[in-house]
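The values are calculated or read from the model by the stated rules, or taken from the named source; none is laboratory data. The shown structure was predicted, so the numbers you read here are calculated from the model rather than taken from an experiment. For neighbour counting, all protein chains shown are included, and Cβ atoms are generated from backbone atoms with ideal geometry for every residue, glycine included. Quick note on the areas: whole protein, heavy atoms, side chains included, nothing else; ligands and nucleic acids left out. Shrake-Rupley method; radii C 1.70, N 1.55, O 1.52, S 1.80 Å.
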Amino acid sequence: MPRQARAAICREHNRPVSIESITLDAPKRGEVTVKLGACGVCHSDLSAINGTIALPLPLVLGHEGAGVVEEVGEGVSDLAPGDHVIFSFIYMCGKCRFCVAGRPVLCLEQGKALTTPLEGTSRARDAKGAALGIFSGCGAMAEYATVSAENLIKIDPKIPLDCAALVGCGVTTGVGAVFNTAKVEPGSSVAVFGCGGVGLSVIQGAVIAGARRIIAIDTLAPKLEMARKFGATDTVLATKDEDMAKALKKLTGGGPDYAFECVGSGELAAAAYRAIRRGGLAVVVGVAKPSDSTSVRTMTLPFEEKTLTGSYFGSCVPRVDLPRMLSLYLAGRLKLEELITRRYSIDETPQAFADLESGKNARGVIVF
Ligand SMILES: NC(=O)c1ccc[n+]([C@@H]2O[C@H](COP(=O)([O-])OP(=O)(O)OC[C@H]3O[C@@H](n4cnc5c(N)ncnc54)[C@H](O)[C@@H]3O)[C@@H](O)[C@H]2O)c1
Ligand SMILES: [Zn+2]
Ligand SMILES: [Zn+2]
């Protein structure tokens, strides 16, 4: 049956989000309606608002969600009403060579349903009946969402939904970048540019991987304090005048083994690359504007054998890695509750974005 829901919508770039009552249609074949428990406020949602991530508007925001299955469509056999789920924001066709090879974040069909369920048409409508897109096939900043079953991962109901939500993006993105993309080795040194929800998760991943030295870099001093709580051994306050690559080389005596860019800037990607030691690995996790670019001194590639790469959703396989994050949490090795600085109601979403922009939170979470 169709359901009414309060939702956070982006109607126009660089305008405050609009909080509206919308209608979610009943799930069609292969789809599920979820009653949201919580949705994290990720910088990528802010990037959809400011146009850095250019998706068609209007758009129901939110992709870092968790909730309880309310209704399942025809043909959905692995989920039932009452099941607890985390949203997975990537499209997985399950058939292309990347999906088959266990690299679903590279799915060739990815562009097909960026703002709808896989079938390609909308299930969300505004008060006038006009179709609304849903961010990354999720639209989780709403009391209900109707999405493809492929975008949901069933979880243990004893895990609080606000903690579980963070695993739907920031935590898996950060920890996965360490485990899957970089395969950080024990005893290594790691630099992290940007200590938001993603960067702090890289720090946690580096701790679990056994890194010896973890250097956190941010422009905001309170973020560096948070970084220490999550396991950073050193902190560097970034200023406009200081060359971070030089500072890191000096601090580590030659450069860290790994550097993670968790801000979304070509300039910082270049600094991460310059900073790493010979044979080191720099990983770009932040999402920059389409017009942004980066550059490296070409000669350093052969003579220093350095690598610059990227990481999307922690190079994860959602059905493998999301439960893995939760088992680390249950074992007391991954902090989730501690990442939540503040909880907001759906009506307070504009404030949640303002707080994200000013860097107040490790993570803000909308709770329903
Ligand atoms: N690759 C992926 O799959 C993926 C997934 C989620 C988010 N992201 C991207 O990761 C980035 C971080 O996301 P987040 O939610 O953690 O954002 P956030 O806004 O919470 O954190 C960003 C941090 O970077 C700091 N910062 C800003 N400029 C800096 C500079 N010049 N030097 C050092 N630090 C600086 C800010 O103070 C802030 O603490 C965003 O670009 C987001 O879109 C990528
Ligand atoms: Zn995200
Ligand atoms: Zn595919």
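For Asp292, the conditions (1) open to solvent by 20 Å² or more (accessible area, probe 1.4 Å); (2) touching a Pro at 6+ places or on another chain (Cβ under 9 Å) all hold with the exception of (2). Cβ-Cβ distances below 6 Å connect the following pairs, each with a first residue in segment 170-198 that is under 26 Å from Leu356 (Cα atoms) and open to solvent by less than 10 Å² (accessible area, probe 1.4 Å), a second residue that is among the basic types (Lys, Arg) and away from ligand 3 (no atom under 16 Å from the Cβ), and a separation of six or more residues or different chains: Cys195/Lys223; Gly197/Arg363. If we scan segment 149-161, do we find a residue that is open to solvent by 20 Å² or more (accessible area, probe 1.4 Å), within 24 Å of Leu24 (Cβ to Cβ) and in contact with a Ser or Thr (Cβ under 6 Å, 6 or more places away or on another chain)? Looking for residues that are open to solvent by 20 Å² or more (accessible area, probe 1.4 Å), within 24 Å of Leu24 (Cβ to Cβ) and in contact with a Ser or Thr (Cβ under 6 Å, 6 or more places away or on another chain), one finds none in segment 149-161, hence no. The single condition among (1) closer than 20 Å to Cys42 by Cα; (2) surrounded by 21 or more Cβ atoms within 10 Å (Cβ to Cβ) that Thr219 does not meet is (2). If Val85 satisfies all but one of (1) at pLDDT 95 or above; (2) within 16 Å of ligand 1 (Cβ to nearest atom), what's the number of the condition it fails? It is condition (2) that Val85 fails.
Can you pull out every residue in segment 324-368 that is assigned to a helix (DSSP H, G or I) and over 17 Å from Gln204 (Cβ atoms)? Quick ask: steps written out before the conclusion?
Here is the first cut: in segment 324-368, the residues assigned to a helix (DSSP H, G or I) are 324-330, 337-339, 346-357.
Passing the criteria: Ile346, Asp347, Glu348, Thr349, Pro350, Gln351, Ala352, Phe353, Ala354, Asp355, Leu356, Glu357.
Restricting segment 40-66 to residues that are more than 17 Å from the chain's Cα centre (by Cα) and more than 16 Å from ligand 1 (Cβ to nearest atom) leaves a set whose member that is surrounded by the fewest Cβ atoms within 10 Å (Cβ to Cβ) is Pro56.
Taking the stated definitions as given, is Ser88 open to solvent by less than 20 Å² (accessible area, probe 1.4 Å) and within 16 Å of ligand 3 (Cβ to nearest atom)? Yes; evaluated as a whole, the condition is true for this residue.
Can you pull out the residues in segment 91-112 that are open to solvent by less than 10 Å² (accessible area, probe 1.4 Å) and either at pLDDT below 95 or assigned to a loop (DSSP other than H, G, I, E, B) (or both)?
Pass one, segment 91-112, residues open to solvent by less than 10 Å² (accessible area, probe 1.4 Å): 104-105, 107.
Cys107, the sole residue that qualifies.
Against the conditions (1) more than 16 Å from ligand 2 (Cβ to nearest atom); (2) touching a Lys or Arg at 6+ places or on another chain (Cβ under 7 Å), Ser77 satisfies every one except (2). Is it true that Lys306 is surrounded by 15 or more Cβ atoms within 10 Å (Cβ to Cβ), over 30 Å from Ala5 (Cα atoms) and either of a type outside the set (Asp, Glu) or within 19 Å of the chain's Cα centre (by Cα) (or both)? Spelling it out, Lys306 is indeed surrounded by 15 or more Cβ atoms within 10 Å (Cβ to Cβ), over 30 Å from Ala5 (Cα atoms) and either of a type outside the set (Asp, Glu) or within 19 Å of the chain's Cα centre (by Cα) (or both).
With respect to Leu322, is the statement that it is modelled with pLDDT of 95 or more and open to solvent by less than 10 Å² (accessible area, probe 1.4 Å) true? Taking the combined requirement at face value, the residue satisfies it.
Reported count of residues in segment 126-164, each being more than 19 Å from Ala80 (Cα to Cα) and part of a helix (DSSP H, G or I), is 5.
Looking across segment 52-90 at every residue that is touching a residue at least 40 places away in the same chain (Cβ under 8 Å) and of a type in the set (Gly, Ala, Ser), the one that is nearest to Phe353 (Cα to Cα) is identified as Gly62. Residues in segment 222-245 that are open to solvent by 20 Å² or more (accessible area, probe 1.4 Å), touching a residue at least 12 places away in the same chain (Cβ under 8 Å) and assigned to a helix (DSSP H, G or I): Pro222, Met226, Arg228, Lys229.
Of all residues in segment 248-261, how many are open to solvent by 20 Å² or more (accessible area, probe 1.4 Å) and either within 16 Å of ligand 2 (Cβ to nearest atom) or not hydroxyl-bearing (Ser, Thr, Tyr) (or both)? Here the count works out to 6.
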